[in-house]
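Everything on this sheet refers to the single structure shown next.
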Amino acid sequence: MFYLQLRNELWKLFAKTRTYIGFLMFLLAQNVIILIFRFTNGPRANMMRTLEGNGYLAREFISALTVATFMLLPIAYMLLPLYVSLVGGDLVAKEAEEGTLRMILSRPISRARLLLLEWTAGAIFSFALVTALGLFGVGFASLWFPWKGLFVFIPGELFSVFDAAAGWRHYAAAHLMMATKACTVMGLAFMFSCFNVKPAAATILAISFVFVNFIMQNIPYFRDLQHWFLSYHLNIWTFMLSQTIPWWRIGESLSILLGFNLTFLAIGATAFQLRDIKS
Amino acid sequence: MIRLAGLSKSFGDRVAVDDLNLHVPRGEIFGLLGHNGAGKSTTIGMMLGQVWPTKGEVLVCGCDVTARRQQALQKVGAIFETPMFYDYLSGWRNLEILSHYSAPTPRERIREVIDWVGLTGREKSKVRTYSHGMRARLALAQALLPQPELLILDEPGDGLDPEGIHEMRQTIRRLHRELGLTIFLSSHLLSEVEQVCTRIAVMNQGRKVFEGSLDQIKQPQSWVQLRVDDFAKAALLLRQEKLVVEERDGKFIALAPNVGTDQVVRRLVEQGMAVYEIVRHQQTLEDFYLDLVRR
């Protein structure tokens with residue numbers, strides 16, 4: 001029964017055009033970045049200088065994996081939260097706005113079960129979006145760049161080089177971790193969506209929450225407090241691209257993210273349970 | 001089938017439903033009548049567990065909706081004023097989705113219901129291509145899928161053209177006749193209620209101001225319409241003679257017990273007054289309703 005109901009939620013979600021906005025924008029953004037990198041000299045020369053300045057043979061690392069990975073940084077920081085919160089904010093609020101929620105709740109289904117179904121559909125969407133991001137990136141980059149080693153550089157944070165096989169493993173693991181970020185931001189928007197608000201309001205609230213956290217985390221004077229901010233724990237996926245993965249730090253953040261997710265779900269479920277559903 | 005006891009609902013300071021008591025037995029077509037904002041939809045919301053009562057008890061099919069909502073709604077179908085669906089999906093898919101919230105529903109049952117409401121051939125089209133009437137039929141189909149014993153209709157005639165209203169009325173009668181459903185409908189359209197319901201309740205400003213059968217309302221009253229040159233003078237005379245106990249609207253008189261219209265006419269003619277018309281007035285639901293809500 002749960003499977004049938006979940007399948008229905010997925011039909012509802014994936015039959016909507018707006019669900020695919022994120023996929024489409026990733027596709028566009030990644031291809032534009034790839035083409036600029038391929039057909040202009042400046043960005044490639046900068047990357048080569050960084051590599052050669054550190055004693056590496058640049059040609060070995062200008063690869064599909066490297067291009068796919070450096071595209072990830074801005075997209076995962078800026079676009080991913082936007083598209084997952086767009087869907088998360090829609091899940092309950094859109095149904096309430098359009099009146100279909102009243103149709104559903106005239107059925108003998110508990111509100112808690114309905115929320116769990118909707119949240120699970122949202123989580124599946126988040127994983128699908130992150131998977132698409134990873135596959136699109138490496139797929140399109142492969143059209144223009146060779147399959148060689150992976151080079152990752154985040155100024156002040158990360159400098160890693162891997163051969164192609166290890167690079168692919170780290171790239172895949174980074175996406176797995178990124179899915180926890182997508183799922184958490186979706187869960188945050190979902191929580192707001194359970195209140196009596198418009199879908200756009202739920203999305204904007206979630207995005208604002210994430211960005212405000214990010215801003216506060218990056219205020220130099222707040223450095224000592226940064227582990228209190230959600231954004232500090234959201235971006236653990238970048239650690240999967242480290243030469244040596246700090247598993248303790250990942251474990252710590254994952255457990256905190258689990259706590260955040262359960263809290264969001266509990267707040268959302270309580271608000272939804274107490275709400276009057278009216279036309 | 002439905003029992004509401006001391007039911008109240010407030011939204012902040014505004015009392016939407018105030019101490020409502022109602023009993024709808026099995027097999028009845030019951031109409032809840034009231035103007036917009038009278039509290040009908042809130043009442044239906046509480047019957048379906050969508051709105052939490054501030055006070056009181058709602059029993060549907062013998063179960064308390066607040067405490068055991070799932071059991072209470074097992075054999076209930078509902079249709080709302082503007083049926084909303086997933087427009088980007090087909091009618092069939094919508095029915096599949098909505099029915100699975102109740103219980104796994106075999107394809108044959110969906111097919112059967114689609115045939116019953118007359119949507120065969122269009123079930124695979126996207127709902128956004130449906131006319132208003134087709135959407136109303138799809139709404140009926142989704143309500144019938146769980147093989148309900150009770151059907152709740154919230155303003156079913158809203159937004160329908162005269163032909164659609166006629167069709168809806170026929171369908172309600174057919175549902176009652178062929179499937180033996182108990183039907184609870186709310187409406188602000190007097191004609192809709194008058195033509196299909198066996199019993200009604202009238203709500204005004206959140207309170208029930210009447211509950212009874214339509215026959216009770218339509219019983220010939222002692223009001224008589226009288227057309228004379230000087231109604232006030234005639235009424236005064238008839239009062240003095242104790243033939244009339246009340247008059248209203250410059251044309252109606254209420255006869256005293258055991259007084260016939262012949263006595264009235266004779267007395268007026270004896271006094272030299274010409275009587276152009278005298279006719280017993282059958283109270284319509286509209287008269288009754290307006291009288292109730294104006295009190």
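The values are calculated or read from the model by the stated rules, or taken from the named source; none is laboratory data. Please read all numbers here as calculations on a predicted model, not as lab measurements. Neighbour counts run over all protein chains shown; Cβ positions are idealised from the backbone, glycine included.
What to note about this one:
- Residue among B:66, B:42, B:82 that alone is part of a helix (DSSP H, G or I) and of a type in the set (Ser, Thr, Tyr): B:42
- In the range A:118-134 there is at least one residue matching the filter, namely being out of contact with any helix residue (DSSP H, G or I) (no Cβ under 8 Å at 6 or more places or on another chain), away from chain B (no Cβ under 14 Å), of a type outside the set (Val, Ile, Thr) and surrounded by 18 or more Cβ atoms within 10 Å (Cβ to Cβ).
- Given (1) of a type outside the set (Phe, Trp, Tyr); (2) modelled with pLDDT under 90; (3) not in a loop (DSSP other than H, G, I, E, B), number of the condition residue B:37 does not satisfy: (3)
- Residues that are facing another protein chain (nearest Cβ under 9 Å), surrounded by fewer than 23 Cβ atoms within 10 Å (Cβ to Cβ) and without any contact (Cβ under 8 Å) to a residue 40 or more places away in the chain were ranked within the range B:64-90; the one that is farthest from the chain's Cα centre (by Cα) is B:89.
- The strands (runs of 3 or more DSSP E) located wholly in the range B:148-240 that include 1 or more residues which are within 18 Å of the chain's Cα centre (by Cα), among the polar types (S, T, N, Q) and under 26 Å from residue B:132 (Cβ atoms) occupy B:182-187.
- Residues of the range A:248-279 satisfying the condition of being within 14 Å of chain B (Cβ to nearest Cβ) and in contact with a helix residue (DSSP H, G or I) (Cβ under 9 Å, 6 or more places away or on another chain): A:271, A:272, A:273, A:275, A:276, A:277, A:278, A:279
- Elements of type helices (runs of 4 or more DSSP H) contained in the range A:1-104, each with 3 or more residues being touching a residue at least 24 places away in the same chain (Cβ under 8 Å) and more than 14 Å from chain B (Cβ to nearest Cβ): A:21-39, A:42-53, A:64-74, A:80-91
- Check on residue B:266, among the basic types (Lys, Arg) and either under 25 Å from residue B:288 (Cα atoms) or assigned to a strand (DSSP E or B) (or both): no
- Filtered residues of the range B:43-56 (kept if in contact with a strand residue (DSSP E or B) (Cβ under 7 Å, 6 or more places away or on another chain) and either surrounded by 16 or more Cβ atoms within 10 Å (Cβ to Cβ) or within 9 Å of chain A (Cβ to nearest Cβ) (or both)): B:43, B:44, B:46, B:47, B:48, B:51, B:53, B:56
- The set of residues from the range B:96-117 being more than 9 Å from every other protein chain (Cβ to nearest Cβ), over 27 Å from the mean Cα position of the chain (by Cα) and assigned to a helix (DSSP H, G or I) comprises B:107, B:108, B:109, B:110, B:111, B:112, B:115.
- Here residue B:61 meets each of (1) in contact (Cβ under 8 Å) with a residue 60 or more places away in the chain; (2) more than 30 Å from residue B:131 (Cα to Cα); (3) touching a strand residue (DSSP E or B) at 6+ places or on another chain (Cβ under 6 Å); (4) not small (Gly, Ala, Ser) with one exception, condition (3).
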